[in-house]
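So the structure is just underneath, and the comments pick up after that.
Here, each number is a calculation from the coordinates, and none is a lab measurement. Here the structure is a predicted model, which is why all the values come from computation and not from measurement. Positions of Cβ are generated from backbone atoms using ideal geometry, with glycine treated the same way; all protein chains shown enter the neighbour counts.
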There are 2 protein chains.
Amino acid sequence: MYETDGMKRDSAVTIARILDAAEQEFSAHGLLAGRVDEIARLSGCSKQLVYRYFESKHGLYQAVLDDISRRHEAHLIRQDYDSLPPIDALSLFVSRLFDIQKRNGGHVILDLAQQQENDEHPIYYKQWPQLVGKIVACLEKIIERGREAGDFSDDIETDDLLILINVMTNGSISFGRFIAKMMSKDMTQDQAGHYMEELGLLFILKAMRKMPVTVDA
Amino acid sequence: MYETDGMKRDSAVTIARILDAAEQEFSAHGLLAGRVDEIARLSGCSKQLVYRYFESKHGLYQAVLDDISRRHEAHLIRQDYDSLPPIDALSLFVSRLFDIQKRNGGHVILDLAQQQENDEHPIYYKQWPQLVGKIVACLEKIIERGREAGDFSDDIETDDLLILINVMTNGSISFGRFIAKMMSKDMTQDQAGHYMEELGLLFILKAMRKMPVTVDA
């Protein structure tokens with residue numbers, strides 16, 4: 001019994017190490033060019049062990065996506081929005097989405113978006129609709145409260161808003177530094193990230209605000 | 001004389017054909033994995049001829065970027081904005097930027113953004129600051145007119161706005177279809193592009209509009 005628990009714990013540690021290495025390798029080189037040899041080397045495991053746990057490179061990629069999706073859920077979907085004014089709650093939501101894109105798999109998602117162009121790997125979507133449903137519900141609650149308080153306009157649907165926030169956060173992480181550089185803004189990667197986040201947030205809040213009714217004096 | 005003109009025309013046609021093939025190959029496979037062999041095959045030229053005109057793969061990539069940049073300039077920077085109301089002029093500007101990202105090198109830019117992560121190829125920026133300067137000046141003129149007309153808020157600087165529009169248009173093209181699919185919107189590529197463009201434009205116009213002064217009745 002004791003030994004079995006120990007073995008389970010060892011397995012969990014090994015699996016986590018392989019997943020970390022796989023995310024690193026796929027982030028840098030994508031699904032097609034990413035190498036299982038390198039993932040084995042980075043995680044300090046044999047290639048055989050990687051295949052024992054994950055069967056194939058595609059299986060491992062799927063597992064990395066599931067892992068990222070779990071982190072999305074844990075970081076983004078929380079109860080603490082309820083205690084904040086709606087505008088602050090939306091800001092926090094957007095800023096957490098920036099965090100996720102920055103730290104967790106922004107590059108994997110980018111690679112995925114490119115891979116998906118040819119629709120060959122529909123398997124990757126398996127567990128995501130559920131997660132998206134939860135995220136929409138969480139955002140919907142914030143927006144509803146904001147509309148009741150008269151803060152938010154109601155001419156953007158919640159799922160459209162979520163798509164826009166994702167394009168903005170994902171695009172800021174992927175192109176932000178490049179675009180900032182093109183504009184001759186001489187910034188380090190950290191500064192560029194900070195700048196893009198502030199600008200993106202300002203833009204989202206400005207787009208969402210309700211136009212006050214004008215009264216001709 | 002006659003013969004020389006003919007030779008010049010032939011050269012121009014060959015160069016254009018090589019550039020088209022190079023854009024196609026680099027868009028699909030990126031700078032590192034893109035193959036000069038394949039570019040020669042696609043353009044119907046010998047590899048020797050490709051190297052005679054462009055010296056190296058890096059030189060050819062640079063030439064593709066310059067070509068894209070010329071198309072940006074021709075399509076985006078025009079005088080016809082002046083005859084439109086500022087909101088319509090901004091809409092047209094954004095819609096032309098969507099066109100460019102869709103048709104001309106969206107993928108090359110994406111590849112470039114990824115390559116640039118390690119700052120190894122600063123050569124690619126060579127001719128772009130000039131172009132960016134012209135684009136900013138063109139947008140600035142539209143925004144200034146809109147501010148004078150009371151249409152646009154003045155709490156977003158023109159260069160910040162240009163960065164935001166680029167993140168939005170570029171991100172919509174790159175991630176739009178993927179994100180729409182994640183959200184279980186069942187769309188063809190064309191529908192998704194259309195949807196993202198309408199949504200992005202609505203968002204940009206909403207963010208830019210001026211808040212009317214409220215008067216307590």
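Report, for residue A:58, each distance to the same residue's label point in the other copies, shortest first and in nm; define the point 7 Å along Cα→Cβ. Ordered by increasing distance: 3.9 nm.
Each other copy holds its own label point for residue B:11; taking that point as 7 Å from Cα along Cα to Cβ, the gaps run 7.0 nm, nearest first. Ordering A:43, B:46, B:83, A:95 from the fewest to the most neighbouring beta carbons within 10 Å gives B:83, B:46, A:95, A:43.
Given Cβ point charges of +1 (Lys, Arg) and -1 (Asp, Glu) and nothing else, what value in debye, to the nearest 20, does the dipole of region A:9-96 about its Cα centre take?
Details: 11 positive and 13 negative charges, 66 e Å.
The dipole magnitude comes to about 320 debye.
Using Cβ contacts closer than 10 Å as the measure, can you line up A:25, B:198 from fewest to most?
Numbers: A:25 23, B:198 13.
Going from least to most buried by this count: B:198, A:25.
Which of A:181/B:57; A:134/A:185; B:47/B:102; A:185/B:206 have a Cα-Cα distance over 32 Å? Where the Cα-Cα span goes over 32 Å, the pairs concerned are A:134/A:185.
Among B:183, A:208, B:168, rank each residue by its count of other Cβ atoms within 10 Å, from fewest to most, as a rough exposure measure.
Numbers: B:183 19, A:208 25, B:168 29.
Fewest-to-most Cβ neighbours within 10 Å comes out as B:183, A:208, B:168.
Measuring from the axis that maps chain A onto chain B, the chain A residue with the nearest beta carbon and its rounded distance in angstrom come out as A:171, 1.
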